Each structure stands twice: as C-alpha cells, then as structure tokens.
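Enquirer: The structure is given below, and queries will be raised subsequently.
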Amino acid sequence: MLKAEQLHKRFGDHVALQALDLQVAPGEVYALLGPNGAGKTTTINCFLGFVTPDGGRALVAGVDPSLDAQGARQALAYIPEQVNLYGWFSGLENLAYFAELGGRRCAKPELRAFLADAGLQADAFERPVSGYSKGMRQKVGIAIALAKDAKALLLDEPTSGLDPRASHEFSQLLRILSGRGVAILMATHDIFRALDVATRVGIMEGGLLRAEVATSEVSAAELEALYLETTRVS
Amino acid sequence: MIGLWRQEWHLFVKARANVGLLAVLLVLSALGAWNGIERLAAERSAAVAALADDVSSFAAKREKLVQLEAGKIVEGRFGSPRKPQQAVLSAGRPVTPPPAELGVLSSAEARPTPELLRISILTRHKDQQPTLDDPSNRLDGPFDLAFVATWLGPLFALILGYDVLARDREQGVAALLASQGRSLAAIAFARLGVRFAALMIVIGGVAFGAAIVTESGRLAVALPAFAVWLLALGLSLGFWLALTAVINGRAKNAAAASLAVLGVWIGLSMFMPALIGSVVNTLAPPPDRLQGVLKLRSVESDLNRRRREVTAAYYSAYPANRPIVQGDEYEHYFVTELYPRTLAFDRAVTPFAAQMDAARVRQAELMRAASFLSPSLAFKLLTEDLAGAAPERRVAFLTSVDDYQARWRGHFDHKLASMTWLTVADYDHKPEFKRAAERAAARWARISLLMAALCAPLLIALAGAWRALSRAAPT
C-alpha cells in the first residue's frame, strides 16, 4: 500500500533521505524510529506529496504523489504531531468540514459515530475545538481519518505530548484501524509505544534506514539497545 | 465543489470576526447610501419646486397681462407683465440636466455638473464661474456609496482575504487541509469566492436598495446601469481578492501577508491615483484659476470704464439730456446698460469657460486612459460616470443650456431693445428648455474603456493567483 523505492532527498547541503526502501502492507503498522533530523518526517512528506524526492519514488496505492498528489492523497489520511483545527468550529463541524474536503458528505449521525469510534466524549462533540485538549484534537484527527475511509494512514509523532492514558487509547485506535486493513506508517520517538502498536519497526539515522525488525521478535530492552546502537554508529 | 463552497461559507460565517466586519461594512454602506438618497431627494425636490414656481409665475404674469389689456387693472411702477425690461429680466427659467442613471451612488461635491440652473437673458457665468481643480483632489470625495465601494470595499476584501491560507499555514492546519485530497488552490479559491459573495451581497445589496428607492419611477434605465455597476464592483473586488490569493500563495505567516496587502492597497489606491492626477495635471494643465478670476474682473472693469466714457461723451455732447430727477434712468438702465453689458461679458467669458470645460474633459480622458494602472481609480471613475459626474455630461448640459439661452434671448431681445410692450402671444410662444441627453455611444465607450481598465488587472492578478496557489506549500 505504501512503498518507497530508493528515495533520495536533499535540502541544500543536508541529505535528508538516502536510497530509502520501505514497504507497508495493508493492515500493517510500521513505526519509524530515529533521532531528530533522521528523515522520518521527510519520508512522510514524500508520501503526502509535500516534498518532491530528488531520486526514487514514493507510491501510495500505486500512485506517485510527485506526479499526482491529489490522487495519492485521496487514498491516505494524515495525522500530524499537532492536530490543529478551526477553534471556532465544534468537533462535529470540523469533522464535517474535513470530511467534505476528503470528498465525503456525511450525515450528522454518521459524523457522531466517527467521533464516538475515535473515543471522543459525546458531550464534547458540539463544543468549540478551542477548548479541546491535545488528546481530544488527536481523536478528531482519527475521526477525520475514519470518515475518509483511507487505505493508508500517516502519523507524524502522534503521541508526543499525550498523557499515558491518552497514548494508550490512541494505540488502541490504531489497532482497530489496522484491523480494518489500513496500512499505517508512524514516525515516533517513543520506542515503547512503537513496540506496543507496530508490527514492524524501522530505525533511521542520517537519511538511511539502518535497521528493520519485526516487533514480535524483540523485547523492549532489545529494541532500545538496538536503537542506541544503531544511532550511535553514525 | 458545491459541497466545498457550502462548508467554506459555514466556516466563514461561523467566525465572529468575519460577521463583525461585514456588519461594519453594512453600516458604512447604509450610511453612504443614506447620504446619496438624502442628497438626491433634496436636489429633486428643489428642481420640482423651481419648475412649479416657474410655471405659476409665468401663468400669473400672463393673467395679469390679460387683465391689463382688458383694462380691468391699472399698471404699477414695478412688476409690469408687459414691460420686457421688467417682465423678462427678472425671469430666471429653471433648467435641469437629464438625470444620471445612478445618481444615488455619488454625492454632489464630486459631481461638477449643476443639477439646477436658472437661465435668464443675463449671463450665466457669474453664478457658474469656470473653475477647475487638480483631478486627484476629487478622488476621495464625500462619504457616499462611491467612496464605500471604491476605497472601503477593497480594504474590507483585503482584511477578509489576507490570511485565508497564510494563517492556516502559520497555525499548522494547512498540512491537514492539503492532505485531504483537494488542492490548496481549490480551497483558497473557494474561501476567496465566499468572501467575494459576502462583500457583493453587502455592498451590492445596499446599493440595489438605494437604487430602487431613488429610481423606482425609471427602473428601465436604472437597472441596466446598476447591472453594469455591479459587474464593475465584481471586477474591482475580484482584483483585490485575487491579489490576496497571490500573497497567500507566498506568505509564510499572516503578519507578513497583512503587511504585503497593506502595502499593495496603499500603492494602488492612494499613491498611484495621486501620481496619475499629478501627471495628468502636468500633461493637460488647466487654465489657471487666478487667471480666470482676473479675466472676469478685467472684463467687468473694462465694461465699466467704457460705460463711463460713453456716458460722459454723450452728456457732454447733449447736456440737455442729463437726467433732472434721480431715477429717470431706471427705465432705460436695463436696456442701455445691463443687457448690452451682459452680451459683451458673455462674448468675452464664454470662450474662456469653454476652454475650462475642454480642459476638464481632456483631463478626464487622460485619467481614464491611465486608470489601467489603478483599479481603484478605474472603478471610481466608472461609478462617478454612472452617477453623473463625467465632465462630458456637464459639457452636453451646458451646451444645451447655452443653446436655450440663445433662443430665449432671440425671442425677447428685439422687444427689450425697442422697449416694445409684450403681448400674450409672446408669453404663449416663449421658448422652452429641452433636455438633451449625451450621445449613448460616447457614454458607453467611456464605460467600456473603464471596464477594460478593470478587467486587465483582474486577469493579470488571477493568473498570478493561480500560479502562486498551484505552487503553494502547506508548510
């Protein structure tokens, strides 16, 4: 569903991506770990079509976003680190707005169901988003992804700044989505969350994918050791 | 696409700041419209009253003449209906130009054409002194709909549109927006389209209401003109919103975008029209106003000098004819002095006044040609043209007024010169003023030029907007 083939990207003198090969199958959760500047966000931006690679290609459901950005974006949903929404709109109105942008016009009960599925409390549906916590806004972000019925989900450090309970709820939502066949690519700094929710983990450093492991094959301590070892090498 | 526009409208009207701004604009538009309605009502009632007074005054004089001729009344020393030096000299016939299609858009100060003149056999130039201002001095004008639509409309468009994408980019919403599968260009155009519709509804709606109130009796003339004006308003607002699109495509944050739009507004709405006014004044300099005043005074003093010389020479040649009782000259004064002086005065001043009007027309032509550089100026000139402010309208009106005055004088002056009594037939066949409208082709040529001056920058701005937005990055 998500495929990177020999992706290269350079910003001036800084090499952001080098020959990145990556594949995320439907129903799979792939966590990209790595220090700041490792190339995680650039990888996600290549899939979104926000960044045009200098070499290689990114494919979303077979569509190259650098050639057909809108076509690729139709197939995916994206949740940034900070889900910023329109503060004067309620959660329900924000969802209706973004669902319409994604090409879906949903009735109010349907929108409510998406918000409920995303774990937002019912009494918050009609409240202005300006009063929402970060976790609540992340849930609206998930609801937007649910409403879009996307085949792939890109997450850029989604649990950063969330309390443990909110992070746990978020992980559960990701499991539900992967259970529905959604391919999920998540950039994160959180080794334990990655191990908890992902099926595979890739460790990036200096634009290179230096290691890749199945989470079923490693413990948290082993993954942490691998991360420290891999990122120390450079 | 309709769904997107519906959502964008919802997003727009749900923001209190936007609704507040539209409410302020509504109030300002209504105030401008009220000023126009009030001014037009006052002008029209003054014209109606003057025309009614004129009809009743002549009817009364004629009736008095009939009674005099029948010997039913005795003639007094003043107010005789049959002595032309009394009956005709005191008669100032009210004349009005054909009404402008949308007079309500503009207030009197901006319009050089007099809406009511009184024409007698005496000169009109003493009441209507030829003057000509620097055209840029008339650009702002009074607070009317022309002012609101020309200067405030674009300002509100810029305030509403400067951050449609820039703020989202700054607050991190743009990435989420762009990831949904619609291009940022489509989203930005929908947002600006919504703002365009809101501004058109407010300004256009108020102007439409004002036009209906003031022109209900002649909608067949007013409505096509209103449609043209509405189209021009759309072109003008479209240009400013397209500019915000260009800026939104490039600006990384709302503060930078606001500075950029403010700079553009000052440049195109204030600096450029002032510059054009100065250039036009240099290329087509009007006759100096001081020279005009001096000209009138020198004609007057020359006539006084000649009167004194001729009178002195006459009385020295015929001392027996000197008046014995003061006031004996009264009956002859109008015929021997005032009327000839008037004719001499007109002969001297009319070419000067015509030169002034020609300079005014030339300046207006140059301003129109230069308005391709400033959509604000083009829209202002177009609005004022539809409101009756074009100098060509003034020239057409004053030409018909001068023609009428010549016929009026031609009808009475042989009786005045010979001091022959007027008859009822003189009253019954007195010339009447016929309003002559400007040639429609000339008018619409002016309007078309100004429309082109609005279209050209809009097309350029739209091309720039498309280019900037299609390359716009979400971060």
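Please treat every number below as a calculation from the coordinates, not as lab data. These numbers come from a predicted model, not from an experiment. Don't worry about glycine lacking a Cβ; one is built from the backbone with ideal geometry, like all the others, and counts go over all protein chains shown.
Enquirer: For an R0 of 60 angstrom, estimate the FRET efficiency from the Cβ-Cβ distance between B:ALA59 and B:ALA15 and round to the nearest 0.05.
Expert: Rounded to the nearest 0.05, the efficiency is 0.40.
Enquirer: For a quick check: with amide H placed at 1.01 Å from N, whose amide H comes under 5 Å from A:TYR78's, ignoring anything fewer than 5 positions away on the same chain?
Expert: The answer is A:LEU154.
Enquirer: Another question, if that's okay. Quick check: residue separation of B:ILE201 and B:ARG305 times 0.36 nm, minus the Cα distance between them. What number comes out in nm? Show your work: numbers first, answer last.
Expert: Values: separation 104, 0.36 × 104 = 37.44 nm, distance 6.42 nm.
Extra length available between B:ILE201 and B:ARG305 comes to 31.0 nm.
Enquirer: Here is a further query. Go through the stretch A:203-209 residue by residue and turn each phi into a ³J(HN,Hα) via Karplus (6.51, -1.76, 1.60, θ = phi - 60°); whole Hz please, and just put x for glycine and proline.
Expert: Calculated HN-Hα couplings, in order: 10, 9, 7, x, x, 10, 8 Hz.
Enquirer: Could you sort the peptides B:406-418, B:170-182, A:25-37 by per-residue average Cβ neighbour count (10 Å cutoff), highest mean leading?
Expert: B:170-182, A:25-37, B:406-418
Enquirer: Report ³J(HN,Hα) in whole Hz for each residue of the stretch B:83-99, in order, from the Karplus equation J = 6.51 cos²θ - 1.76 cosθ + 1.60 where θ = phi - 60°; Gly and Pro get x.
Expert: Per-residue couplings from phi come out as 7, x, 5, 9, 6, 8, 4, 7, 8, x, 7, x, 10, 10, x, x, x Hz.
Enquirer: Once the Cα gyration tensor of the stretch B:2-470 is diagonalised, what are the square roots of 5 times its eigenvalues, in whole Å and ordered largest first, as equivalent ellipsoid semi-axes? Please list the in-between numbers first.
Expert: On the way: eigenvalues 720, 116, 47 Å².
Semi-axes, largest first: 60, 24, 15 Å.
Enquirer: Same structure again: Starting from the Cα gyration tensor of chain A, take the square roots of the eigenvalues, sort them a ≥ b ≥ c, and report rounded, prolate or oblate (rounded when a/c is under 1.5, otherwise prolate if a/b is larger than b/c, else oblate).
Expert: It is prolate, given that a/c is not under 1.5 and a/b is the larger ratio.
Enquirer: Taking amide H positions as placed in the peptide plane 1.01 Å from N, state which residues far from B:SER120 in sequence (5 or more) or on other chains have amide H under 5 Å from it.
Expert: Excluding prolines and chain starts, which carry no amide H, the hits are B:ARG93.
Enquirer: A follow-up question, please. Scan the stretch A:97-168 for GluC sites (Glu not before Pro) in coil per DSSP, keeping those whose Cβ has at most 16 other Cβ atoms within 10 Å, and list them by number. Before the final figure, lay out each step's value.
Expert: Details: sites: A:GLU100, A:GLU110, A:GLU126; in loops: A:GLU126.
Sparse-neighbourhood loop GluC sites (Glu not before Pro): A:GLU126.
Enquirer: What is the average number of partner chain Cβ atoms found within 10 Å of a Cβ in B:161-173?
Expert: Shielding by partners across B:161-173 averages 2.
Enquirer: Using a Förster radius of 60 Å, what is the FRET efficiency between A:GLN121 and B:VAL293 based on their Cβ-Cβ separation? Nearest 0.05, please.
Expert: The value I calculate is 0.15.
Enquirer: Arrange the following residues from fewest to most other Cβ atoms within 10 Å of their Cβ: B:ARG93, A:ARG210.
Expert: Going from least to most buried by this count: A:ARG210, B:ARG93.
Enquirer: What FRET efficiency do you get for B:ARG218 and B:LEU68 if R0 is 41 Å and r is their Cβ-Cβ distance, rounded to the nearest 0.05?
Expert: 0.45
Enquirer: Going through the DSSP H helices of chain B, which span 20 Å or more along their own axis at the Cα atoms while scoring at least -1.0 as a mean Kyte-Doolittle hydropathy?
Expert: Membrane-span-like by this criterion, though nothing is claimed about a membrane: B:16-69, B:184-199, B:219-250, B:289-317, B:339-370, B:391-418, B:440-470.
Enquirer: Another one. So, by mean Cβ neighbours within 10 angstrom, what's the order for B:47-53, A:145-151, B:438-444 with the highest one leading?
Expert: With the highest mean Cβ count within 10 Å placed first, the list reads A:145-151, B:47-53, B:438-444.
Enquirer: Now, a different point. Output the relative contact order of the stretch B:167-308, whole-number percent, from Cα pairs under 8 angstrom with separation of 6+ residues.
Expert: Working: 36 pairs, mean separation 36.4, N = 142.
For the stretch B:167-308, the relative contact order is 26 percent.
Enquirer: For the stretch B:215-299, what is the Kirkwood hydrodynamic radius in Å, using each pair of distinct C-alpha atoms?
Expert: Roughly 17.3 Å, rounded to one decimal.
Enquirer: Relative contact order for chain B: what is it in percent, counting Cα pairs under 8 Å that are at least 6 residues apart?
Expert: For chain B, the relative contact order is 28 percent.
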